[in-house]
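I have placed the structure first, in the form of structure tokens, so that the comments after it can refer back to it.
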Amino acid sequence: MDRVEKEMCEWTVTGMDCGSCANKIKTALDRLPGVENVDVALMNERLRVTLDQAQTRRQDVENIVTKLGFGVQAAREDGDAHVHKESCETAEVSERAAPAAKWYQTPKGKLVISSGLLLAVAWAIKLMSGAEIGHWAFIIACLVGLFPVARRALAMAQTRQFFTIEMLMTIAATGALFINAAEEAALVVFLFAVGELLEGVAANRAREGIKALADLVPKTALLETETGPQEISAASLRIGQIVIVRPGDRLPADGQIVEGHSGIDESPVTGESVPRAKGPGDDVFAGAINTEATLRVSVTKNPEDNTIARIIQLVQEAESARAPTERFIDRFSRYYMPAIIAAAVLVVLVPPLAFAQDWGTWIYRGLALLLIGCPCALVISVPASIASALATGAKNGLLMKGGAVIEAAAKVTRVAFDKTGTLTYGRPVVTDIIPLQAEKDEVVSLAAAVEQSSSHPLAQAIVSRAKELGFNIPRSKDEQALAGKGVRAEIEGKSAFVTSPKYAFGQGALTETDLVIAAKIEAEGKTVVAVYRDGQALGLIALRDEPREDARSAIEQLKQLDVASIMLTGDNPRTASAIADDLGVDFQAEMMPQDKLKVIKGLTQHDQVMMVGDGINDAPALKRAHVGVAMGSGTDVALETADAAILRDRVVDVPGKIRLARATMTNIKQNVSIALGLKAIFLITTIFGFTGLWIAILADTGATVLVTLNALRLLGYRPEQIS
């Protein structure tokens, strides 16, 4: 018997406006044979399933989704064509994607217009022809507007989904017709259509923040060829090709500058507003803007792997990582709907049977109760806020892998920082030049001459400083590394040394007084080297891996958020103490990766811990913390290793991430309060007869729209703004 291979298939689904829409599709498909791992992403309009086509075909899945009232098509792989994913590829459609339809062109928009016109005609007939004929006009208006709703309700019932808003709407409107409330039934159908349309408009607004990311990468690129520059599709670029980027153009791919110097505006990618000066050897990202001069850039990543593509993928996948609050609400809604229906039945039966009340009155109130009880607003209250927060974070270079990470980040009480590359720049710089028996320029130029062939970070820092100052660097030869002590080279026929002060003292080049000066500087957490020639000390050079400019501000902002900080480093205690004292943070030094992991384990016993590191050496600690955050400008490690990433390499983005997470959770609490509060108010007023059917439907759709609009406020949130 042939082995059946299961395939991962993906579609784009349109028409989903709230969480209940996604749940309807998931529930229906979960019941099909051969269908597993159904993942419906509301804000990204994405459907993924693992499919055994021997039991259920792709077409069967598409038919089910269509019957439920949603649009479905094979997932798009690029901006120009509609294609199936490679694992399920069957055809390719070459026509260009149609632009997004206006609201009045959508099925829901057309339903609003048609039902609204019919309602207006019915009122006109009633005014001109009397109540009897007008009654029939309202019945027709109600049935025409109700037909597509009832059809969707029936399709969902066939998948054993009986407690849907469509079913409740159908029952309520039909019941209203039977108790001679045709005018109100027609009005309710119209208001229901308007509410669904508004939900769709609000949901689409929330999606725009995510979809706008794809538009950052230009569609075309100027490829360097033997015959000259040639304009090609950016999607066809491959690693190693050279592209020409003119001033004002967006970079079409991730790459490395081969030739040219220019300011690169990375705000579309990282949110950093100030352009960064870059030249040959520097990395650049797709979507960034070249502001000054023409550049030749070597492509380093294929289009599907560039920074923008990875951010989009991360945001899309993050929607599936649901927050604990969202999972709880989903479980709650499963019991909530049957409870509302049971309450409506009791409202209809108990007063007439037990107290001889009027049947018509209590049937009417029971029908209104059904409409109020729809949980749409409650179900969407969490995912709408999460989607808006993810889009805002991506726009500001703050990536978080789903609602669970956002919820955990909002609870953080302690942040553990790696030092090198996180709180500091990760590269030493020359901080002091102390001349002893020579001028500063001679000290630096001679040290640079000795170190110019070395790849050691300290050596590179000295050479860079000499170049910055414009000093002449003499040629060297016969370079020799003195293991653990320094470097020797022959400069202009004489031996010159750059070594540790202790070694220089042992060679008789430094005096005890010089050694005291060196020790005093080292006490500040700096590394000191002695520069000497022919036994004569020319001077001392101090270097240090300096804290980032915003590190102190970040620590202060965390304190304002009542979040404690600690620095974990492999450096010696003296260096660690100097950095920690400067920043005002606790520290632990001389720590190996396993030591950091042990500390994080201990901290998590009492605190909600966020670990911030470079994503490589700190991987165990990043994984063990409640929230692991990787610093890095779009690197693979930064996007994959941890729960979250900071693209701008700014320490102040750590408190910014916590502020965004807390603002999101506050927004969610507001949404839940709006959804449940309105339901509670109108449930009571309906039972006591103060509100009717049309108010009931306004309460339902109005709450959904209010919740979505409140969630959209997060799209304008500024994480860096200190409240």
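The values are calculated or read from the model by the stated rules, or taken from the named source; none is laboratory data. Predicted model only: the values in this text are computed from it and were never measured. Using ideal geometry, Cβ is built from the backbone for each residue, glycine included, and neighbour counts are taken over all protein chains shown. With ligands, DNA and RNA removed, areas are computed over all heavy atoms of the protein, side chains included. Shrake-Rupley method; radii C 1.70, N 1.55, O 1.52, S 1.80 Å.
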* Determine if the stretch 433-450 includes at least one residue that is among the basic types (Lys, Arg) and either surrounded by 20 or more Cβ atoms within 10 Å (Cβ to Cβ) or out of contact with any strand residue (DSSP E or B) (no Cβ under 7 Å at 6 or more places or on another chain) (or both). => no
* **The lone exception for Ile491 - which of (1) surrounded by fewer than 17 Cβ atoms within 10 Å (Cβ to Cβ); (2) in contact with a Leu (Cβ under 8 Å, 6 or more places away or on another chain) it fails** => (1)
* Quick one: in the stretch 666-708, of everything that is without any contact (Cβ under 8 Å) to a residue 60 or more places away in the chain and of a type in the set (A, V, I, L, M), which residue is surrounded by the most Cβ atoms within 10 Å (Cβ to Cβ)? => Ile681
* From Pro383, Pro338, Pro351, Pro324, grab the single residue that is open to solvent by 10 Å² or more (accessible area, probe 1.4 Å), modelled with pLDDT of 70 or more and closer than 18 Å to Cys21 by Cβ. => Pro383
* To do: Quickly run through the stretch 205-231 and pick out the residues that are modelled with pLDDT under 70 and not small (Gly, Ala, Ser).
  => Arg205, Arg207, Glu208, Ile210, Lys211, Leu213
* State which residue pairs qualify: first residue under 15 Å from Leu168 (Cβ atoms) and inside the stretch 127-156, second residue of a type in the set (Gly, Ala, Ser) and at pLDDT 85 or above in any location, beta carbons under 8 Å apart, and separation of 6 or more residues or different chains. => Met156/Ala28
* Which fully enclosed helices (runs of 4 or more DSSP H) of the stretch 366-468 have 2 or more residues being out of contact with any Phe, Trp or Tyr (no Cβ under 8 Å at 6 or more places or on another chain) and without any contact (Cβ under 8 Å) to a residue 60 or more places away in the chain? -> 440-451, 457-468
* Structure fact -> Here, strands (runs of 3 or more DSSP E) confined to the stretch 487-562 with at least 2 residues that are in contact (Cβ under 8 Å) with a residue 60 or more places away in the chain and not acidic (Asp, Glu) are 527-533, 536-544
* Asked: Which is under 30 Å from Thr361 (Cα atoms) and among the acidic types (Asp, Glu), of Asp643, Asp700, Asp653, Asp649?
  -> Asp700
* Asked: Is it the case that some residue within the stretch 472-484 is assigned to a strand (DSSP E or B), closer than 13 Å to Ala530 by Cβ and touching a residue at least 40 places away in the same chain (Cβ under 8 Å)?
  -> no
* Could you please let me know if Asp534 is modelled with pLDDT under 90, open to solvent by 70 Å² or more (accessible area, probe 1.4 Å) and not basic (Lys, Arg)? => yes
* **Selection within the stretch 365-398 - within 20 Å of Asn710 (Cα to Cα) and charged (D, E, K, R)** => Lys395
